[in-house]
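Right, one structure below, let's go through it.
The values are calculated or read from the model by the stated rules, or taken from the named source; none is laboratory data. Note that the coordinates shown come from a computational prediction; the quantities given were computed from them, not determined experimentally. Using ideal geometry, Cβ is built from the backbone for each residue, glycine included, and neighbour counts are taken over all protein chains shown. Please note that ligands, DNA and RNA were not included when accessible areas were found on the heavy atoms of the full protein model with its side chains. Shrake-Rupley method; radii C 1.70, N 1.55, O 1.52, S 1.80 Å.
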There are 2 protein chains.
Amino acid sequence: MTFAEASEVRRTGAGTWMGRVAEGWDIAGNANGGYLLGIVARALTGETERPDPVSVTAHYLAPGKPGPVQVEAEVVRAGKRFSTARGLLVAEGRPVLAVLGSFADLTQLGGPAHVDGAPPTLPPVEQCVRAEPGDPMPPPFSGRVDLRMDPADAGFYEGRPSGRLRMGGWLRLPDDEPMDTLGLLLAADSFPPTIFNGTLPVAWTPTLELTVHVRRRPAPGWLRCVTTTRFVTNGFLEVDGEIWDASDQLVVQSRQLALVPRG
Amino acid sequence: MTFAEASEVRRTGAGTWMGRVAEGWDIAGNANGGYLLGIVARALTGETERPDPVSVTAHYLAPGKPGPVQVEAEVVRAGKRFSTARGLLVAEGRPVLAVLGSFADLTQLGGPAHVDGAPPTLPPVEQCVRAEPGDPMPPPFSGRVDLRMDPADAGFYEGRPSGRLRMGGWLRLPDDEPMDTLGLLLAADSFPPTIFNGTLPVAWTPTLELTVHVRRRPAPGWLRCVTTTRFVTNGFLEVDGEIWDASDQLVVQSRQLALVPRG
C-alpha cells in the first residue's frame, strides 16, 4: 500500500472528510506522526483547494490506531496566495491530532535567494544501512519508507549509540511512488528518535508537537535528510530536521517538540 | 501601559474572551505579532486553566489594528499534564490570527538534561544599542520592550547592514515589569527582521507563521536573545530564535516562517 493510498481521504460533507489509519504504519502499535499529519494535511489541501502544505503544525493528543478516522476541516481564511485551515483527526469520537496550517501552490511563488547551508554529507546510498522491520526493532513503520541510515548514526541498532544526537540518511518512497509535498510531511517524521544516539536513560520520546515548513516541491530522486537535537531540558527535547532534494534544494525545515518521560 | 495590561483578556461567555489591541504596539501601523500571540495565549491559559504556554503556533491572517478584539477559544484536549487548545483572534468580525497550542505548568516538569549550546555572547548591556522609537524607524513598538542590540548587528539602523542575517541583544520589559512565559511570546518576536542585516532588496517580511517553544519560566533579570536566518528561498525565510535567561537556562526556542515579497 502506497503512502498516497494509506493517506487517502474523501469528502463526506461540509468540512468533513473520511480516511483510514492503515495497518503497518506504526511504531510499537502507534501510527507514525508524520503519516497521521499526512492524512489531515491531505484533507486540508482538499478543503482549501491549495495543493501544497507550506507550514503545518500538529499537536498529538492520543495514539493513532488502525481503523476509520474522520477529519474535521475548517478554512479560517482564504487569501490570494495562501489559505489557512485547521483540522482535527478524530477516531472513535476521540481527538487524535489537531492541526493548523497554511497552504498554497508552491510553484507559483519565488523570490531572491540566500542560502547559508548545504545538504548533509552522506556516504553513497549503497554504503548506508537499510532499516527493515524486525522484532521488536526496527518497527513495522520502517517498511513504509525506503530509508538508508548514515552508518555513523546507525550503530544504535546494535547497542552502540554514537553519543551525538543526530540521525541522517537517504529517503525515498518504496516501489517508485513519486514524492510530493504531502509525502514530505511523512519524510519529516521518518527517522528514529535522535535520543537513540544518546547516553541518557530515555527509551521513548512521544511527540507533543511537530511543525513542518515545505519550501518547494521536491525533484524526483533520493532525499537527503538530517535530524539533530541540541537541547534536552526540563522534560523536553527538540528535533530539528532538514530535507534536501536531488537538485540540492532545501525542501523541508521541520522542528518537533518531544517529551522526555521521567525515568 | 505594561504588557500584562496591554494583553489583558476577560471571559465573556463559553469559549469567548474579550481583549483590546492597544495603541503603540505597532510596526508601521500593524501590531507586533508576538504581542497579538500574547493576547490569544493569555486567553488560552485561562480557557485551559494551565498557566504556561509550552508550544504555541500562530498563523497571521490580517494586520492587527488598535481596538477591541475577541478571542474564540476551544480546548481540544485536557490531559493530565498538558492541555491543547485552539484560538482565533477576531477584530470587527474578521480573523486576524489563528493559534494552536499546548499548555502546562512548567514548574511541574523535569527530566535529564543534555545541552549542546550556550547563551549568545553579547557585549555588556551598557555597550549595546538601545532602540527607541523614531520616525519612521525604529517603530513605536520599540518603546514597549527594553531592547539593547548587539552593536555588531545594529549598524543597519544607520544604513550599514552587517551582511550576516542575525539580530542579537539583551531584552527585558520596561518599568520593572516581571517577565513571565506569556511575556516570552512577545520577546520571541521583538527583534528587527534578520533580513535588515542582509543585502537583498527586501524591505518587508510579513510573518506567515510563528511557533514558540517555552522550555521553562525565566529567572528575573535580562534575557539574552539571538535570531538567525539561514535560508531565503522560493519567497520564504525562516527566523530561528533562542532566548536565554539570567541563570543561563534556555527558556525559548522559536521559529517563524516569513514571506519575502517579490521586488
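The tail of the calculated P(r) for segment A:31-148, taken as Cα-Cα distances beyond 23 Å, holds 50 percent of the pairs. Over the protein assembly as shown, the pair-distance histogram of Cα-Cα distances with 10 Å bins from zero comes to 4, 20, 31, 28, 14, 3, 0 percent, rounded to whole numbers. Counting only other chain Cβ atoms within 10 Å of each residue's Cβ, the peptide B:197-206 averages 1. For segment A:55-119, the share of alpha carbon pairs falling in successive 5 Å distance bins from zero is 4, 14, 19, 16, 14, 12, 10, 7, 4, 1 percent. Taking a straight line from the alpha carbon of residue B:80, these lysines sit under 22 Å away, with near neighbours fewer than eight places off in the same chain left out: A:65. Inter-chain Cβ neighbour count for A:250-262, averaged per residue, equals 4 (cutoff 10 Å, partner chain atoms only).
The Cα-based radius of gyration and maximum Cα-Cα distance (Dmax) for chain A are 17.6, 52 Å. With the contact rule set at Cα under 8 Å and sequence spacing of 6 or more, what percent relative contact order holds for segment B:86-145? Over segment B:86-145, the number comes to 16 percent.
Taken residue by residue and averaged, Cβ atoms of other chains lying within 10 Å of the Cβ of A:104-115 number 6.
For residue B:61, neighbours were defined as the other residues whose beta-carbon sits under 14 Å from its Cβ, and their charges (Lys and Arg +1, Asp and Glu -1) total +3.
Relative to the longest principal axis of the Cα atoms of chain A, the long axis of helix A:33-48 lies at roughly 20 degrees.
Estimated from the Cβ-Cβ distance and a Förster radius of 25 angstrom, the FRET efficiency linking residue A:248 and residue A:80 is about 0.25.
The relative contact order of segment B:113-159 comes to 35 percent, based on Cα pairs under 8 Å that sit 6 or more residues apart. Relative contact order for chain B: 17 percent, from Cα pairs under 8 Å spaced at least 6 residues apart, divided by residue count. The overall shape of segment B:90-229, judged from the alpha-carbon gyration tensor, is oblate: a/c is not under 1.5, and a/b is no greater than b/c. Summing charges over all other residues whose Cβ lies under 11 Å from the Cβ of residue A:185, with Lys and Arg as +1 and Asp and Glu as -1, gives -2. Within the listed set B:112, B:206, B:139, the Gaussian network model of chain B (springs between alpha-carbon atoms below 10 Å) gives the highest mean-square fluctuation for B:112. Only protein heavy atoms count here; under a 1.4 Å probe, residue B:96 has an accessible surface of about 10 Å². Basic side chains Lys and Arg get +1 at the Cβ, acidic Asp and Glu get -1 at the Cβ, and with that the dipole of the protein assembly as shown about its Cα centre reaches some 340 debye.
Taking a sphere under 9 Å around the Cβ of residue A:234 and counting the other residues whose Cβ falls inside, with K and R at +1 and D and E at -1, yields a net charge of +2. Going by accessible surface with a 1.4 Å probe and the largest first, A:57, B:121 read B:121, A:57.
Only helices enter the 222 nm calculation for chain B: every DSSP H run of n ≥ 4 contributes -39,500 (n - 2.57), and dividing by all residues gives -3000 deg cm²/dmol, rounded to 500.
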